[in-house]
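The values are calculated or read from the model by the stated rules, or taken from the named source; none is laboratory data. This structure is a prediction, so every number in the text was calculated from the model and none was measured. Note: ideal-geometry Cβ built from the backbone for every residue, glycine included; neighbour counts use all protein chains shown.
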Amino acid sequence: MTTSSSERGVSLGMPHLPPPAYPDDVRARLETDAREIIARYPDSRSALLPLLHLVQAQEGHVTRTGMQFCADTLGLTTAEVTAVATFYSMYRRRPSGDYQVGVCTNTLCAVMGGDAIFEELQEHLGIGNGETTDDGKVTLEHIECNAACDFAPVVMVNWEFFDNQDPRSAKRLVDDLRAGRPVSPTRGAPLCTFKETARILAGFPDERDGAVEATGSAGPPSLAGLKLAKGETAPARVVHPRGEAPRETPPHDPSPAEHLSSHDAPQDTSASDPTHPAGPAAEEGE
Ligand code: FES
C-alpha cells in the first residue's frame, strides 16, 4: 500500500499549509454577501449551508479556501466546516462542468430506463460517473431519487427536472448543452449554469430577465392520487369476467363526507380484524 505525500506529512508531524487566500476584491464581495446571508439567522452558524453554496458559486466547487472563508466568517473550526461540506452531495469537492447531468438510477427510474440512459450517456460522452467532458461543459452523475418517480425516468441538470427521458432524448439534451443551444426543463425554473445555481441556493434571486417566473406545475401523474381521493377521477375500468365486454362504472358523485384523503380512507387494521385484536399482546398466564 502506498501513501500520499500529504499522508506522509501528517505522519511526520508536518503542519498543513494554509489554503491560498481569495484575492482582496473577491473576499470583499464574498464578505458583503455573507453578511446578508448571516443576517437571516438568529445564530450565525446556521448560515453555514448557504455560505458553502456561496463559495461554491465563486469557484464551481468547495475548495479549502472556501471552507477556510466559511470557518473564519462563522467562527467555526475548519473541521466543523469540512464535516458538513463532505456530508452533503450538493457540495462538490473537485472542479467539474457547467452542467451537472444527473441520471436517477434509483429503483423506479432504473427499471423504467434510467440505467439504460446512464449507460448510453457514458458511451456517448466518453466519461464515467463523476467525470467531466474535456470541454468542461458536462459532468455526468448517478443521482438518488428526487421524489419525481411518477415522471420516471428522470434526468436532472443542475437540479432542474427533465422528465420522462429516454436514451435518445437524453443524448440530445447533453448535445444541446455542450453546443450552447437553449434547453428548457420540463417544469420549474429556467436552466442556468452550476455556479449560477449555487448562488441562487445561497439565497440570492436569479436576476435574469423572466427568470423569476417558474414555469409548469405538478403534472397529471402527481395529481392522480389527489383527484382519486377527492372523487374527481374519470370512471374506473372494471375487471370483467372473461368473454364479457368491459364496462364503465357510472360517474360517482361523492357526498362531502366521502371526500377522503388517502390517510382517511378505510384500511384493514387490527380494529377490523377480530383475529388480531388491538392493544398490547397479553402476557402469558394473565
Ligand atoms: S426513483 Fe427516480 S425520481 Fe424517484
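So, in the range 89-99, how many residues would count as being within 11 Å of the chain's Cα centre (by Cα) and either closer than 17 Å to residue 191 by Cβ or away from the ligand (no atom under 16 Å from the Cβ) (or both)? Quick ask: steps written out before the conclusion?
The initial filter retains those residues of the range 89-99 that are within 11 Å of the chain's Cα centre (by Cα), namely 89-90.
Add one more test, that the residue is either closer than 17 Å to residue 191 by Cβ or away from the ligand (no atom under 16 Å from the Cβ) (or both), and what stays is 90.
Final tally of qualifying residues: 1.
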Could you check residue 144 against (1) under 18 Å from the mean Cα position of the chain (by Cα); (2) under 30 Å from residue 29 (Cα atoms) and say which number it fails?
(2)
Pairs under 6 Å by beta carbon, first residue over 20 Å from residue 177 (Cβ atoms) in the range 145-161, partner modelled with pLDDT of 90 or more and within 10 Å of the ligand (Cβ to nearest atom), six or more apart or different chains?
145/106; 149/108; 152/108; 152/109; 152/112
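So, residue 27, is that one more than 28 Å from the chain's Cα centre (by Cα), at pLDDT 95 or above and not polar (S, T, N, Q) or not? Give the derivation first.
Values: more than 28 Å from the chain's Cα centre (by Cα): yes; at pLDDT 95 or above: yes; not polar (S, T, N, Q): yes.
It is true that residue 27 is more than 28 Å from the chain's Cα centre (by Cα), at pLDDT 95 or above and not polar (S, T, N, Q).
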In the range 174-200, how many are within 22 Å of residue 95 (Cα to Cα) and either β-branched (Val, Ile, Thr) or crowded, with 18+ Cβ neighbours inside 10 Å (or both)?
11
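Applying the selection to the range 183-205, what residues are part of a loop (DSSP other than H, G, I, E, B) and of a type in the set (S, T, N, Q)?
Here is the first cut: in the range 183-205, the ones part of a loop (DSSP other than H, G, I, E, B) are 183-187, 189-193, 202-205.
Passing the criteria: 184, 186, 193.
Here are 174, 183, 154: which of them is in contact with a Gly (Cβ under 9 Å, 6 or more places away or on another chain) and aliphatic (A, V, I, L, M)? Spell out how you get there, then give the answer.
On the way: 174 fails: in contact with a Gly (Cβ under 9 Å, 6 or more places away or on another chain); 183 fails: in contact with a Gly (Cβ under 9 Å, 6 or more places away or on another chain).
None of the others qualify; the one that does is 154.
If I go through the range 39-82 residue by residue, how many of them are part of a helix (DSSP H, G or I) and not hydrophobic (A, V, I, L, M, F, W, C)?
At the first step, the residues of the range 39-82 found to be part of a helix (DSSP H, G or I) are 44-59, 64-74, 78-82.
Right, trim to not hydrophobic (A, V, I, L, M, F, W, C) and you get 44-46, 50, 53, 56, 58-59, 64-66, 68, 72-73, 78, 80, 82.
The qualifying residues number 17.
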Take the residues in the range 107-130 that are modelled with pLDDT of 95 or more and part of a loop (DSSP other than H, G, I, E, B); name whichever of them is nearest to the ligand (Cβ to nearest atom).
129
Whether any residue in the range 143-153 is within 16 Å of the ligand (Cβ to nearest atom), surrounded by 15 or more Cβ atoms within 10 Å (Cβ to Cβ), at pLDDT 90 or above and under 20 Å from residue 53 (Cα atoms) is what I want to check.
yes
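Going by the structure shown, is residue 125 in contact with a Ser or Thr (Cβ under 7 Å, 6 or more places away or on another chain) and of a type in the set (A, V, I, L, M)? Before the answer, list the steps.
Numbers: in contact with a Ser or Thr (Cβ under 7 Å, 6 or more places away or on another chain): yes; of a type in the set (A, V, I, L, M): yes.
Against the criterion (in contact with a Ser or Thr (Cβ under 7 Å, 6 or more places away or on another chain) and of a type in the set (A, V, I, L, M)), residue 125 qualifies.
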Within the range 88-113, residues under 19 Å from residue 64 (Cα atoms) and touching a Leu at 6+ places or on another chain (Cβ under 8 Å) come out as 88, 90, 91
Given the conditions (1) in contact with a Leu (Cβ under 6 Å, 6 or more places away or on another chain); (2) modelled with pLDDT under 95; (3) more than 16 Å from the ligand (Cβ to nearest atom); (4) small (Gly, Ala, Ser), every one holds for residue 85 apart from (2)
Considering only residues that are surrounded by fewer than 21 Cβ atoms within 10 Å (Cβ to Cβ) and outside any loop (DSSP other than H, G, I, E, B), which ones fall in the range 162-172?
167, 168, 169, 171, 172
